[in-house]
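The values are calculated or read from the model by the stated rules, or taken from the named source; none is laboratory data. Small disclaimer: the values here were computed from a predicted structure and weren't measured. Ideal geometry is used to build each Cβ from the backbone, glycine not excepted, and the neighbour counts take in all protein chains shown.
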Amino acid sequence: MVKKISGLFVIALVFGLLISVQALAAPEDKSEVESKEAHAHKGHYHHSPEFLEKKAKELGISTEGKDSETIAKEVREAMIKKKAEEFGIHTEGKDFETLAKEVKETYIKKQADELGIKTEGKDIDTLAKEVRETNIKTKAKELGISTEGKELKALAKELREASIKKEAKELGISTENKDFHQLAHEVRDAKILQTAKKLGISTEDKSTEEILEEIMTNHEEEAKKLKLLH
């Protein structure tokens, strides 16, 4: 059995496994990503022993006699190795940090190729910046947001706000007199409740965090679709 969970961001092990990688190509800057991670570490997300044990079992990791931190570390390492193998990266003899770095770089190059960005002669930081910029401008265009004369950080902020308002409208949530954070929270909760209803999960006397934990543990694919960490 998994021993008592301590302050671990267990959700990130699965749905945010490559959060630092994806963040490089997403419409967020480093400070915003760090803010999300800090928010999660403060306990905004539940840490489910059942969820962690389920992931360990799926990955063939024994949990017998191990505390949660040890299991979480082994799960994280196994998932990075699995992702590396999916990318065709040779894993033998490489430590976690090396593999994680190679996975990150491969992911960014893959994103660049898909976006038609030339990779030759560019270091990974330059490439990541170009991928992020292209993604932001593409998504802004899709939402009818002008990019003319705007700094990337300001454009990314405008894009996030427009995306949340669009989701709110689709969910029937009023946007009047609400700031971005309040609206984002309402959208998040509505998506969780909507998913629970779709899956036939009872929501009576449960907080949205408890419902999310149940979705995560028993309906992993649906939980991924919520995209609550991106």
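Would you confirm whether or not region 142-158 contains a residue that is closer than 30 Å to Lys55 by Cα and either in a loop (DSSP other than H, G, I, E, B) or in contact (Cβ under 8 Å) with a residue 40 or more places away in the chain (or both)?
no
Considering only region 215-224, I want to know if a residue exists there that is part of a helix (DSSP H, G or I), at pLDDT below 90, among the basic types (Lys, Arg) and under 19 Å from the mean Cα position of the chain (by Cα).
Taking every residue of region 215-224 in turn, at least one turns out to be part of a helix (DSSP H, G or I), at pLDDT below 90, among the basic types (Lys, Arg) and under 19 Å from the mean Cα position of the chain (by Cα).
Taking region 99-124 on its own, how many of its residues are touching a residue at least 60 places away in the same chain (Cβ under 8 Å) and under 17 Å from Glu85 (Cα atoms)? Can you show your working first?
Of the residues in region 99-124, the ones touching a residue at least 60 places away in the same chain (Cβ under 8 Å) are 103-104, 107-108, 111.
Of the ones still in play, those that are also under 17 Å from Glu85 (Cα atoms) are 103-104, 107-108.
Residues that pass the stated criteria total 4.
Filter region 194-209 down to the residues that are more than 18 Å from the chain's Cα centre (by Cα), surrounded by fewer than 16 Cβ atoms within 10 Å (Cβ to Cβ) and within 27 Å of Glu161 (Cα to Cα) and list them by number.
Gln194, Lys197, Lys198, Ser207
Starting from region 181-209, take each residue that is in contact (Cβ under 8 Å) with a residue 40 or more places away in the chain and list its partners that are among the hydrophobic types (A, V, I, L, M, F, W, C), counting only C-beta distances under 7 angstrom and pairs at least six apart or across chains.
Matching pairs, first to second residue: Arg188/Leu228.
Looking only at residues in region 79-108 that are part of a helix (DSSP H, G or I) and acidic (Asp, Glu), which one is farthest from Gly60 (Cα to Cα)?
Here the residue is Glu105.
For region 147-197, how many residues are of a type in the set (A, V, I, L, M) and more than 23 Å from Ile211 (Cα to Cα)?
Matching residues across region 147-197 total 6.
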